[in-house]
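The values are calculated or read from the model by the stated rules, or taken from the named source; none is laboratory data. Quantities reported herein were computed from a predicted structural model and do not represent experimental measurements. Positions of Cβ are generated from backbone atoms using ideal geometry, with glycine treated the same way; all protein chains shown enter the neighbour counts.
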Amino acid sequence: MSMDSNTPWLKLHDLTFNRGERTILNNLSLEFRAGELILMTGQNGSGKTTLLRILAGLMKPRRVEFEIAGKRLNWRQSYRFLREQVCYLHQHPYLFDCSVYDNIAYGLKRKKLSRQAIGARVAEALELISLEHLAKRNCQELSGGEKQRVAIARAWAIAPRLMLLDEPVSNLDKRSRAICYDLINQLQQQQIGVVYTSHEPQTGKLNLNRHIHLYEGELSTKSLETECPLTVIELKKGNVGK
């Protein structure tokens, strides 16, 4: 699927998600382009994680229509595509109790690639995150920053079009944050779309293209201290959910 980087390859329309009788996300419309780095901010309960999980095909909304490469699809029609093309990384990503190499190779093995192809792709992933020297190290022995880099590399290895990073640096020290910011910028340079969530607009040295702000209540008019365009998604007053 090839198209100009300025043309949205994925759009969603009229996204609504309820938890019981409570509306968490209400009539949202968004679009995504290749190589676009999007900052998504919002307080706890604003719906950030819910939105990411829907985009990754992990949660079914009450209502949504997707537009993929210009073709409109309902949830059932788009579900498999989302699971294959979009990767969601939790703030505390789960890594298997095995080596860095085997963790990165996991998704490639599920694709039934040859051993040679898997080895070459894992080598590329290790180079991307500068952890070649830890290929045989058990992931449970890694630092928090190293674990986050391995999780990003594991997702990158299966060549997604969109990566959803849910507060990936919130528990990392300053040096580890800087390394992760550089890695995220590299993903963007490779034309991988990235949605990066945070409680705060401060994002270090990320090369942001767009800013989406989820706010449970009134439309936000405050400055969010970023130089990229701001899109505010307004939720009904009193609705909360994550």
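Could you grab me the full set of residues in region 192-222 that are in a strand (DSSP E or B) and either in contact with a helix residue (DSSP H, G or I) (Cβ under 8 Å, 6 or more places away or on another chain) or modelled with pLDDT of 65 or more (or both)? Across region 192-222, the qualifying residues are Gly193, Val194, Val195, Tyr196, Thr197, Ser198, Arg210, His211, Ile212, His213, Leu214, Tyr215. Taking only region 114-138 into account, find how many residues are over 22 Å from the mean Cα position of the chain (by Cα) and surrounded by fewer than 17 Cβ atoms within 10 Å (Cβ to Cβ). Here the count works out to 13. Within region 44-73, restricting attention to residues that are farther than 18 Å from Lys11 by Cβ and touching a residue at least 60 places away in the same chain (Cβ under 8 Å), the residue that is surrounded by the fewest Cβ atoms within 10 Å (Cβ to Cβ) is Asn44.
Within region 74-92, the set of residues being free of Cβ contacts under 8 Å to residues at least 60 places away in the same chain and crowded, with 16+ Cβ neighbours inside 10 Å comprises Trp75, Ser78, Phe81, Leu82. Annotation note: Cβ proximity below 8 Å between a residue of region 20-36 that is under 12 Å from Arg63 (Cβ atoms) and buried (at least 19 other Cβ atoms within 10 Å of the Cβ) and a residue that is at pLDDT 90 or above and hydroxyl-bearing (Ser, Thr, Tyr) (sequence gap 6+ or interchain) occurs for Thr23/Thr16; Leu25/Thr16; Leu25/Thr50; Leu28/Thr16.
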